[in-house]
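Below you'll find the structure, written out as structure tokens, and then a few comments.
The values are calculated or read from the model by the stated rules, or taken from the named source; none is laboratory data. From a predicted model like this one, the values you see are computed outputs, not experimental measurements. Positions of Cβ are backbone-derived with ideal geometry, glycine not excepted, and every protein chain shown enters the neighbour counts. Just so you know, the surface numbers come from the protein's heavy atoms only, side chains and all, with ligands and any DNA or RNA stripped out. Shrake-Rupley method; radii C 1.70, N 1.55, O 1.52, S 1.80 Å.
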Amino acid sequence: MVHEGSMAMWRHRPVLGYGLAVALAGGAAIVRLGADAMLPAGFPYLTFFPAVVVTAFVAGAGPGILAGLISFVAAWYFFVPPVHSFAINAGVLTAQGFFLFVVAVDIALIEAMHRAYDRLNGARDEMAGLYDQQRMLFRELQHRVANNLAFIASILHFQKRQIAATPARAAQALDEAQARLTLMGQVHRRLYDPAALDRPLSDHFEALCNDVIAASDRPDIACQVEVAVPPLDLTRLIALSLFVSETVTNSLKHAFADRAQGRIALRLVEAGDRLVLEVRDDGRGLPPGHDAATASGLGTRITRALADQLRGTIETISPPDGGTLIRLRFAQP
């Protein structure tokens, strides 16, 4: 890890990379001058090739090219006969051309290696991220399965009591339980898809509302969604999605019983240190004398339980211009 960090420092800080190119190429010239008396004739590039290769390997292609150009000029002036000049002849062109060719191949190969290594690191990091995401989803799934089984048991217990009190409503009670459990399954399938974590919240809630409307066989009801909040963690998003599905289901069941068309508007926004979810329909409104605080139907019990999970409070309002507004205020993540 230290090695990778050091390499990244040289490659991603141009001042360091190009400074290294100048230092190594200059050092190679000094070493070659010092060794000149000990070497036989020729070998003008003996110390320059390592300087270029090391620079390109440590700092990248740009500094490697600079080191190659400095080495090219230094070798030409000091070590390619006639020395101490920039004379041009067939021998010079051949020697310098060979040097440039070898340097270019070395730099190209090293740069290709760097890019392959970067792709490998990127793939490794992506795999590690996917693994962590899968582990998180699995732990969350275990937790949610336990909670959902308890939730289902509560629904069935309540429906059992309803059937005991009114046996004639047995079929209707079971149908209601089945519908709710079906919607719960749809919510979980949608949210436990790994791609759902990157999906905008507005798209999620719009698809959820459309699922509920399709399940109710009321294609004449339109759903409008407005979301302006930061991303939510999976636990809160599941609870909020179940709250929305239950609230929209209730509107479809009661608000438009005497109408062929209607509209449901869902709005999720920030309000100070809290989030506010509003689900409003333009239906017939609350019946006279209705008191949401004392209502005890299954849908009301479910929404209260979900609001408690979110540490929120519910208001049910009849706006002056008609319809019904259900407002849920809950804590920010």
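Laid out as a table, the results:
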{"item": "Where a label projected 7 Å from the Cα of Ala35 along Cα→Cβ would reach, residues of the stretch 58-80 with amide N under 19 Å", "result": "67-80"}
{"item": "Label point distance in nm, Arg311-Asp273, each placed 7 Å from Cα along Cα→Cβ", "result": "1.0 nm"}
{"item": "Fully extended contour minus Cα-Cα distance, from Asn121 to Asp233, at 0.36 nm per residue", "result": "37.5 nm"}
{"item": "Mean separation of Cα contacts under 8 Å, 6 or more apart, over the residue count of the stretch 1-132: relative contact order %", "result": "24 percent"}
{"item": "The stretch 10-87, accessible surface, carbon-and-sulfur percent (1.4 angstrom probe)", "result": "80 percent"}
{"item": "Cα Rg, Dmax (largest Cα-Cα span) when computed across the stretch 1-114, Å", "result": "14.7, 50"}
{"item": "Inter-site label distance for Met9 and Ala260 at 7 Å from Cα along Cβ, in nm", "result": "7.6 nm"}
{"item": "Cα gyration tensor category, rounded, prolate or oblate, for the stretch 205-308 with a/c compared to 1.5", "result": "oblate"}
{"item": "Neighbourhood net charge (9 Å Cβ-Cβ; Lys/Arg +1, Asp/Glu -1) for Phe330", "result": "+4"}
{"item": "In nm, spacing of pseudo-spin labels at Ser202 and Val22 (7 Å Cα→C-beta vector)", "result": "5.2 nm"}
